[in-house]
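First up is the structure itself, then whatever we jot down about it.
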Amino acid sequence: MVRLVFVSIVAFAALATVSGQRQVEEVLKWQKVEFDVPESVLSAPDGYIPINNVPMSGVHYKNRVFVTVPRRRWGIPSTLNVVELDGPLPIANPVLKPYPSFELNELRADLQPDANRLVTVYRPRVDRCDRLWFVDTGMMEIPGNFTVVQRPSVWSIDLKTNQPLSRYEIPQKDVDTGYGLTSITLDVDPDDCSKVFVYISDLQTYRMVVYDHVNQKSWRFLHNYFFLNPLEGDYNIQGIPFAWDDGLFSIALSNPDPVTKFRTAYFHALSSNSEFTVSTAVLRNETASKRSYHGNDFQLLGYRGAHSQSSIHGFHPETGVIFFALIQLNAVSCWDTRKPFAPQNMAIVYKNDQDIVYPNDLAVDQDGYVWFMSNSIIKLLYTQLSLEEFNFHIWRANIKEVIKGTVCDPSVPPNVDHGMRFGGEQNADRVTFVEYKDKYGPGGGPYGGWGSEDKRKPPGRRP
């Protein structure tokens with residue numbers, strides 16, 4: 001079958017010159033992922049298959065980095081893990097230690113529901129109250145054999161005691177399954193650690209789930225802005241063309257308004273070059289979630305630029321700067337939220353065409369650093385991943401240093417004094433049509449997966 005693909009002749013050309021390369025430090029890197037688990041687990045059939053273990057997050061807390069490995073194939077001993085930073089950097093091939101224990105991460109042999117076990121975790125987050133929060137999707141995402149082991153649930157763990165604090169099972173009225181619940185954002189009251197709202201992106205059904213921790217309830221929002229932009233769902237990474245239809249993927253929160261105490265939520269779909277906003281006053285309102293029309297509550301903020309599809313973005317409270325992981329540009333960019341939202345007011349702070357192959361996670365820690373990871377999943381899904389090469393990398397950068405002198409620096413004036421809501425006059429990101437034939441093969445969604453033998457099925461999706 002022949003498809004039309006939009007190809008850019010100008011890639012994010014308006015962005016400032018790459019800067020800050022020397023301020024970025026590689027922290028961890030792997031050729032393949034290994035685990036500190038009992039030998040009996042590693043030697044069991046389908047207990048550990050190295051090629052199937054792909055890390056999906058790198059979240060820092062006090063000299064520890066939490067690394068997740070979603071169960072998207074057989075042979076993954078533990079989904080939530082930790083690495084201690086106890087040596088000179090970068091640390092090569094550190095062994096993952098199940099967190100907080102192997103028992104919590106070990107699957108039941110009969111794959112029956114168990115509220116005391118984790119199935120699949122994607123991108124956890126740390127809050128200011130020393131807690132690790134995450135969603136267990138409850139799913140084994142095995143290509144051709146998707147298995148709902150248990151209901152998706154929101155967890156919190158005390159990072160001082162390493163003990164679970166809470167587990168909330170997301171009801172079916174909010175999501176049918178946990179498939180697509182791959183990132184969360186925490187809204188913690190500045191004065192009361194017990195008051196927490198968790199915003200969960202559902203890229204599969206284009207919805208946002210809101211969890212009210214105090215009242216132990218949840219609801220979901222549906223909005224057109226959660227969908228992909230059909231003109232921006234075609235990709236070319238490392239010379240590999242493919243298409244994804246991923247919707248709402250990342251939510252970043254501003255500082256609280258000094259008067260209302262509510263925050264601005266910045267959000268985007270993966271397959272989109274646009275950014276949108278909504279007040280958390282809306283998101284926290286369960287009644288508002290039941291409306292069929294939201295008026296002007298949800299707003300288009302603007303256009304990031306050609307080929308600027310972003311996986312995850314994160315907000316730095318002290319500087320007011322947001323960082324974006326740009327999957328087509330193999331880069332991380334920044335934007336000062338006090339300046340108009342336009343590509344000219346953004347800067348690429350790090351770009352690495354060799355090692356940043358799909359930057360899949362990004363987070364701002366409590367120490368003023370931005371951490372980001374790439375996991376080469378594009379190679380794994382559509383070509384071949386070599387375990388002889390370093391495939392998975394985690395970097396960090398001091399935020400004040402990496403933005404210094406760029407347009408993201410609060411002391412630097414904006415390059416333009418107006419925002420850009422849509423593409424430029426020449427629509428440089430979608431001017432040329434090119435034809436090519438679909439290639440049937442392994443993918444990431446229900447119709448494929450790396451190592452899939454059924455070549456008749458269409459490529460899968462979802463990172």
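The values are calculated or read from the model by the stated rules, or taken from the named source; none is laboratory data. The structure displayed is predicted, hence computed values, not measured ones. Glycine also receives a Cβ, built like all others from the backbone with ideal geometry; neighbour counts cover every protein chain displayed. Heavy atoms of the whole protein, side chains included, go into the accessibility calculation; ligands, DNA and RNA do not. Shrake-Rupley method; radii C 1.70, N 1.55, O 1.52, S 1.80 Å.
Of the residues making up segment 389-405, just one is surrounded by 23 or more Cβ atoms within 10 Å (Cβ to Cβ) and assigned to a loop (DSSP other than H, G, I, E, B), namely Asn391. Looking at the structure I just gave you, is Asp257 in contact with a strand residue (DSSP E or B) (Cβ under 9 Å, 6 or more places away or on another chain) and crowded, with 21+ Cβ neighbours inside 10 Å? Here the answer is no, as Asp257 does not meet what is asked.
Counting only strands (runs of 3 or more DSSP E) that fall entirely inside segment 97-193 and contain at least 1 residues that are over 20 Å from Arg64 (Cα atoms) and among the acidic types (Asp, Glu), the qualifying elements are 131-136, 139-142, 163-169, 181-188.
Touching a residue at least 24 places away in the same chain (Cβ under 8 Å) and either touching a Cys at 6+ places or on another chain (Cβ under 9 Å) or open to solvent by 20 Å² or more (accessible area, probe 1.4 Å) (or both): does that describe Leu381? Judged against the criteria, Leu381 is not a match.
Set side by side, the residues Thr182, Thr280 differ, and just one is open to solvent by less than 10 Å² (accessible area, probe 1.4 Å), within 21 Å of Phe315 (Cβ to Cβ) and modelled with pLDDT under 95, which is Thr182. All conditions but one from (1) surrounded by 15 or more Cβ atoms within 10 Å (Cβ to Cβ); (2) under 23 Å from Arg125 (Cα atoms); (3) in contact (Cβ under 8 Å) with a residue 24 or more places away in the chain apply to Phe262; the one that does not is (3).
Going residue by residue through segment 394-405, is there one that turns out to be β-branched (Val, Ile, Thr) and modelled with pLDDT under 95? Checking segment 394-405: not a single residue is β-branched (Val, Ile, Thr) and modelled with pLDDT under 95.
From the list Val59, Val65, Val82, the lone residue that is at pLDDT 95 or above, in contact with a Gly (Cβ under 6 Å, 6 or more places away or on another chain) and within 30 Å of Cys129 (Cβ to Cβ) is Val65. When the test is whether a residue is open to solvent by 10 Å² or more (accessible area, probe 1.4 Å), closer than 23 Å to Asn345 by Cα and among the hydrophobic types (A, V, I, L, M, F, W, C), Leu270 does not pass it. Applying the condition of being touching a helix residue (DSSP H, G or I) at 6+ places or on another chain (Cβ under 7 Å) and either more than 10 Å from Asn53 (Cβ to Cβ) or of a type outside the set (Lys, Arg) (or both) to segment 69-89 and asking which residue is most open to solvent (accessible area, probe 1.4 Å) yields Trp74. Report yes if Thr177 is farther than 18 Å from Glu286 by Cα and open to solvent by less than 40 Å² (accessible area, probe 1.4 Å), otherwise no. Answer is no for this residue. Residue pairs whose Cβ atoms lie under 7 Å apart, sitting 6 or more positions apart in sequence or on different chains, and linking a residue in segment 84-108 that is of a type in the set (Ser, Thr, Tyr) to a partner that is at pLDDT 95 or above and open to solvent by less than 30 Å² (accessible area, probe 1.4 Å), are Tyr99/Phe66; Tyr99/Leu80; Tyr99/Asn81; Tyr99/Val82.
Quick grid of which residues meet (1) touching a residue at least 60 places away in the same chain (Cβ under 8 Å); (2) in contact with a helix residue (DSSP H, G or I) (Cβ under 9 Å, 6 or more places away or on another chain):
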residue: Arg284; (1), (2): yes, no
residue: Thr287; (1), (2): no, no
residue: Tyr293; (1), (2): no, no
residue: Leu300; (1), (2): yes, yes
residue: Ser311; (1), (2): yes, no
